[in-house]
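Participant: Input: one structure, supplied below.
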Amino acid sequence: MEKAEMFLSLKETLVLLEEEDLLARIEEALTSGVDPLAIIERGLLPGLKVIGEKFQDEEIFLPELMRSALIFQGVMAVLQPKIREQGRIIQKKGTVVIGTVKGDIHTIGKNIVRLLLEIGGFEVHDLGVDVDTFKFIEKAKEVNADIIALSALLTSTLSGQRDVVEALAGQDLRRRFKVIVGGGAATEKWAEEIKADGYAETAPAAVELAEGLVARRLREGGRGL
Amino acid sequence: MNLAEFFTGEELEQVHGASLLVLEEVGILVRNEKARRIFAGAGAGVDGTTNLVKIPRRVVEECRRCFPPSFTFRGRDPLYDRTIPADGPLMVTASSAPDIVDRQTGEVRRATARDLGQIARMVQELPGFDVFSISTLVADAPEGHLSLVRFYEALKNTTKPVRSNTPNMKELKEVLALGEIAAGGAEAYLKRPLLNHHYCPVVSPLTMDVESTEAVIYLAERGLPVYGTICPNGGMSSPLSPLATLVQGNAEFLALGTLMQLVKNGTPLIYAVLATIADLRSGNYAPGAVETAILQVAFSQMARYYRVPSGGYIGLTNSQENDVQSGYETGIGTTAALLGGCDLLNMGGLLGSLMVFDFTKLVIDHEIALMLKQLKKGVSFLPEDIGLKEIGQVGPGGSFLDHEDTLRRMRTTAFIPRVATREMRERWEAAGRIGADKRARQEAERILAREVRERLDKETDRRIKERFDFLSCFS
């Protein structure tokens with residue numbers, strides 16, 4: 001099979017969510033000496049792009065988007081060791097600390113965002129649910145995060161997002177980390193009100209938001225500001 | 001009236017059996033330590049590492065036998081006390097929206113204490129609403145006193161039963177202190193607890209949280225009115241199959257009901273739900289979906305199987321304005337619930353998936369509420385209603401318009417709407433082509449223009465402010 005044809009078949013297999021077939025094809029490609037980074041860049045990422053577009057057009061539904069992300073993650077678990085063996089690394093886009101705020105134990109939306117951030121190339125530290133305000137900050141400092149992502153589903157726990165922003169300001173750390181908010185109860189307006197750095201209504205939008213903020217941080221002069 | 005039903009008796013048994021299996025074999029994650037101890041004390045298996053509680057069917061069945069068949073909401077004025085199912089269907093406002101549509105600008109903004117006071121006043125004036133479930137949050141409440149400000153504004157403006165939640169025990173105790181002052185002392189309050197508490201202690205799938213569960217235990221121990229709503233969201237927090245969502249949600253209700261009986265035998269409860277199927281194109285929440293109505297009917301039938309009152313957040317809309325979608329979603333949802341035997345409908349005043357309160361929507365929903373109550377009455381079947389005398393007197397070709405029987409019944413038989421138009425086109429055009437939305441807005445303004453009546457007497461209000469001095473800013 002021609003290389004271009006092979007990459008196209010990988011892309012299409014991912015779009016069709018044929019996990020076993022995809023793994024077999026990748027195994028075959030690796031055996032025949034194809035560069036694992038090229039598999040990602042020329043086969044899988046174009047596949048994810050198509051899936052993203054189809055999701056926008058409501059051609060595929062959220063559970064399919066999730067499934068594709070999980071398949072991608074499974075495939076990456078095979079490819080990453082090969083890339084490391086070659087002494088190369090995949091540059092991460094940034095580091096995100098994520099969790100559901102104090103008093104709220106809703107997890108599903110937050111997990112979708114985590115997964116899409118991970119496959120989008122971010123290193124994600126998930127603190128889980130009902131997370132104490134200061135735990136977000138401690139973790140962000142520990143892993144030198146770019147972004148703190150706060151989820152809240154309940155209108156009654158939404159103020160937990162503001163608490164984190166205020167606690168950061170209180171510790172003179174507000175400019176060090178970008179704070180993004182989401183979840184059923186959050187809105188663009190709320191994000192503005194509490195002076196968060198961004199809000200996203202959907203998980204794919206959260207990834208775009210995170211990418212934009214990391215790029216802005218770089219323009220602003222990098223980490224540790 | 002024969003209620004709408006989806007299931008045979010045998011199928012109800014199957015759902016019940018499946019839910020028991022879920023509790024016995026899958027178990028429920030109980031994050032509240034006191035609740036774990038209570039379950040363990042009753043013979044449930046508690047895993048100390050994972051906090052997973054497996055409840056044997058014997059424990060559930062014993063508690064189920066103690067479920068009382070009725071629940072009473074008390075108002076500050078006993079005239080407004082309501083017991084379900086006897087006084088049902090109760091029409092209740094939908095609650096806890098952070099935002100409001102500004103009456104002047106039409107823009108959406110955060111709700112304030114002043115807004116909430118006006119909403120409570122409207123609910124007092126609208127006879128179709130039985131219970132005021134506190135419609136909005138309050139953005140200008142002092143830190144840590146959100147619930148107190150909400151309940152205070154409610155009590156100050158309505159004497160109907162007030163219902164809401166609290167985020168933590170500190171705020172719950174503060175609210176109870178307020179209730180005691182309003183009732184005229186702790187003892188009087190215990191005799192007539194005039195605040196009604198509501199929580200969602202079970203977060204689907206199969207998880208009991210810390211704070212709400214603590215509040216439910218605390219209130220049940222003291223015999224104060226409290227109930228929970230179960231909110232599985234098919235495809236997200238419960239299986240996509242509506243039947244499986246019923247099985248899981250029913251297990252979640254049974255777990256909560258069991259805990260409440262273990263705390264105190266005979267604690268009244270309501271089998272209340274907000275069961276939905278997610279819009280899986282995007283994962284968006286869809287309380288306005290017809291599946292919410294379908295699931296409400298199914299859960300109401302389960303409530304009857306357990307002989308407990310049935311309730312739900314039903315008739316909510318996903319629409320962001322008072323448009324056609326808002327009307328048909330509220331109409332279909334509430335009608336299905338009513339015909340399915342739901343005793344309590346949290347249905348009034350909110351747009352946009354429970355996020356925004358709107359006075360116009362409240363007035364439209366009030367009209368729907370009155371229509372539903374009318375529907376529930378059905379056809380009166382008394383001997384004098386059969387009409388043989390009147391049919392004989394008027395005879396073929398006559399008119400009933402001026403018949404004595406028509407005059408006697410004309411103000412009571414048909415529901416007279418205030419929002420819906422009955423005008424012919426020409427008159428409607430001549431009057432400025434005013435639609436339901438605008439008429440409802442005018443009605444809201446008309447009600448709010450009435451003289452404000454303080455519903456708390458001066459002395460009680462003084463005592464409340466003496467105890468909570470920061471409330472002086474909210475008078």
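Any read-out appearing in this document is the output of simple, stated calculations on the displayed coordinates, not a laboratory observation. None of these values were measured; they are calculated from a predicted model. Heads up, the Cβs are rebuilt from the backbone with ideal geometry, glycines too, and the neighbour counts pull from every protein chain shown.
Participant: Alpha carbon centre of the range A:1-63 versus the range B:117-131: separation in Å?
Facilitator: Using only Cα atoms, the two centres lie 59 Å from each other.
Participant: Also, quick follow-up: Hey, can you grab everything whose amide H is under 5 Å from the amide H of A:Thr100? Only 5+ residues off in sequence or another chain; H modelled, so Pro and N-termini drop out.
Facilitator: A:Gly128, A:Val129, A:Asp130, A:Val131, A:Ser151
Participant: Spelling out what I want: for every residue of the range B:72-86, take phi, set θ = phi - 60°, compute 6.51 cos²θ - 1.76 cosθ + 1.60 (Karplus), and round to whole Hz; glycine and proline get x.
Facilitator: Working through the residues one at a time gives 10, 9, 10, x, 5, 9, x, 4, 9, 4, 9, 10, 10, x, 3 Hz.
Participant: With unit charges on the beta carbons (Lys and Arg positive, Asp and Glu negative) and the dipole taken about the Cα centre of the protein assembly as shown, which residue among B:Asn233, A:Ala69, B:Ser147 sits farthest to the positive side?
Facilitator: B:Ser147
Participant: Treating only the Cβ atoms of Lys and Arg (+1) and Asp and Glu (-1) as charged, compute the dipole magnitude of the protein assembly as shown about its Cα centre; round to the nearest 20 debye.
Facilitator: Result for the protein assembly as shown is approximately 1880 debye, rounded to the nearest 20.
Participant: Once you order the gyration tensor axes a ≥ b ≥ c over the Cα atoms, which shape class does the range B:124-198 get: rounded for a/c under 1.5, otherwise prolate or oblate by comparing a/b with b/c?
Facilitator: On the way: a/c = 1.83, a/b = 1.05, b/c = 1.73.
Oblate, since a/c reaches 1.5 and b/c is not below a/b.
Participant: Calculate the length of the line joining the C-alpha centroid of the range B:355-405 to that of the range A:110-188, in whole Å.
Facilitator: The range B:355-405 and the range A:110-188 have Cα centres separated by 56 Å.
Participant: Sticking with this one: Within chain B, which is the longest segment containing none of the GluC sites (Glu not before Pro) that sit in a DSSP loop and have at most 12 other Cβ atoms within 10 Å? Provide the component values of the computation, followed by the final result.
Facilitator: On the way: sites that count: B:Glu107, B:Glu143, B:Glu423, B:Glu451, B:Glu454.
By the stated rule (loop sites, at most 12 other Cβ atoms within 10 Å), B:144-422.
Participant: Next up: Report the gain in length on full extension from A:Leu70 to A:Lys135: 0.36 nm times residue separation, minus Cα-Cα distance, nm rounded to one decimal.
Facilitator: 20.6 nm
Participant: Hey, another quick one. Are there trypsin sites (Lys or Arg not before Pro) in the range B:445-475 that DSSP marks as loop and that have at most 13 other Cβ atoms within 10 Å, and which are they?
Facilitator: B:Arg450, B:Arg453
Participant: Hey, got a sec? Which trypsin sites (Lys or Arg not before Pro) in the range B:353-445 land in a DSSP loop and have at most 10 other Cβ atoms within 10 Å? Let's see the in-between values first.
Facilitator: On the way: sites: B:Lys361, B:Lys373, B:Lys376, B:Lys377, B:Lys389, B:Arg408, B:Arg409, B:Arg411, B:Arg418, B:Arg422, B:Arg425, B:Arg427, B:Arg433, B:Lys438, B:Arg439, B:Arg441; in loops: B:Arg411, B:Arg418, B:Arg422, B:Arg433.
Passing both the DSSP loop test and the Cβ count: B:Arg411, B:Arg422, B:Arg433.
Participant: For B:Leu90, which sequence-distant residues (separation of 5 or more, or a different chain) have an amide H within less than 5 Å of its own amide H, given hydrogens modelled in the peptide plane?
Facilitator: The list, which skips near neighbours in sequence, is B:Leu344, B:Leu345.
Participant: Then there's this: Please list A:187-196, B:272-281 highest first by mean number of surrounding beta-carbon atoms within 10 Å per residue.
Facilitator: Highest-to-lowest ranking by the protection proxy: B:272-281, A:187-196.
Participant: Please give the average number of partner chain Cβ atoms lying within 10 Å of the Cβ of each residue in A:183-191, rounded to a whole number.
Facilitator: Neighbouring Cβ atoms belonging to other protein chains average 3 per residue here.
Participant: Compute the label zone of B:Asn265 within the range B:17-56: residues whose backbone N is under 15 Å from the point 7 Å along Cα-to-Cβ.
Facilitator: Under cut-off, by backbone N: B:42.
Participant: Could you give me D for chain B, from Stokes-Einstein at 25 °C and 0.890 mPa s, where the hydrodynamic radius is the Kirkwood radius over C-alpha pairs? Units µm² s⁻¹, please.
Facilitator: Approximately 104 µm²/s, per Stokes-Einstein.
Participant: According to the square roots a ≥ b ≥ c of the eigenvalues of the Cα gyration tensor, what is the shape class of the range B:300-429, taking rounded for a/c under 1.5, prolate for a/b larger than b/c otherwise, and oblate for the remainder?
Facilitator: Here the range B:300-429 falls in the oblate category.
Participant: Further question on the same structure: Using R₀ = 41 Å, calculate the FRET efficiency as 1/(1 + (r/R₀)^6) where r is the Cβ-Cβ separation of B:Tyr305 and B:Ala188; round to 0.05.
Facilitator: E between B:Tyr305 and B:Ala188, to the nearest 0.05, is 0.65.
Participant: Once R0 is set to 25 Å, what does the formula 1/(1 + (r/R0)^6) return for the Cβ-Cβ distance between B:Ala420 and B:Glu454, expressed as a FRET efficiency to the nearest 0.05?
Facilitator: Once the sixth-power term is evaluated, E becomes 0.15.
Participant: Using a Debye calculation, one point per C-alpha and no hydration shell, please list log10 I(q)/I(0) for the range A:112-225 at q = 0.09, 0.20 Å⁻¹ in order.
Facilitator: -0.20, -1.14
Participant: Could you tell me the distance between the Cα centroids of the range B:291-311 and the range B:166-192, to the nearest Å?
Facilitator: Their Cα centres are 31 Å away from one another.
Participant: May I ask which residue of A:Gln86, A:Gly183, A:Ala152 lies farthest towards the positive end of the charge dipole of the range A:51-192, with charges of +1 (Lys, Arg) and -1 (Asp, Glu) on Cβ and the Cα centre as origin?
Facilitator: Result: A:Gln86, furthest along the dipole toward the positive end.
Participant: Amide H of B:Thr229 versus every other amide H placed in the peptide plane: which residues, excluding those fewer than 5 positions away on the same chain, fall under 5 Å?
Facilitator: The list, which skips near neighbours in sequence, is B:Tyr199, B:Cys200.
Participant: Rounded to the nearest 20 debye, what is the charge dipole size of chain B about its Cα centre when +1 sits on each Lys and Arg Cβ and -1 on each Asp and Glu Cβ?
Facilitator: Values: 55 positive and 59 negative charges, 178 e Å.
It works out to roughly 860 debye.
Participant: Between B:Arg58 and B:His403, 0.36 nm times their residue separation minus their Cα-Cα distance comes to what?
Facilitator: Between B:Arg58 and B:His403, full extension yields an extra 117.9 nm.
Participant: Sort A:102-112, A:65-75 by the packing proxy (mean of other Cβ within 10 Å over each peptide's residues), most packed first. Let's see the in-between values first.
Facilitator: Details: A:102-112: 22.1, A:65-75: 18.8.
Going from most to least packed, we get A:102-112, A:65-75.
Participant: May I ask for log10 I(q)/I(0) of the range B:139-293 at q = 0.13 Å⁻¹, from a Debye sum over the Cα atoms as equal point scatterers with solvent left out?
Facilitator: Treating every Cα as an identical point scatterer, log10 I(q)/I(0) equals -0.68.
Participant: Let me ask something additional. Using only the Cα atoms of the protein assembly as shown, what semi-axes does the equivalent ellipsoid have when each is the square root of 5 times a gyration tensor eigenvalue? Give whole Å, largest first.
Facilitator: 48, 30, 28
Participant: Can you show me the helix-derived [θ] at 222 nm for the protein assembly as shown, built from DSSP H runs with n ≥ 4 at -39,500 (n - 2.57) apiece and divided by the number of residues, rounded to the nearest 500.
Facilitator: After summing the helix terms and dividing by the residues of the protein assembly as shown, the value is -14500 deg cm²/dmol.
Participant: What is the list of residues in the range B:446-475 whose amide nitrogen lies under 18 Å from a point 7 angstrom out from the Cα of B:Ala177, following Cα to Cβ?
Facilitator: Within reach of a label on B:Ala177: B:460-474.
Participant: For chain B, take the longest principal axis of its alpha carbons; what is the angle in degrees between that and the long axis of helix B:113-125, to the nearest 10 within 0 to 90?
Facilitator: 60 degrees
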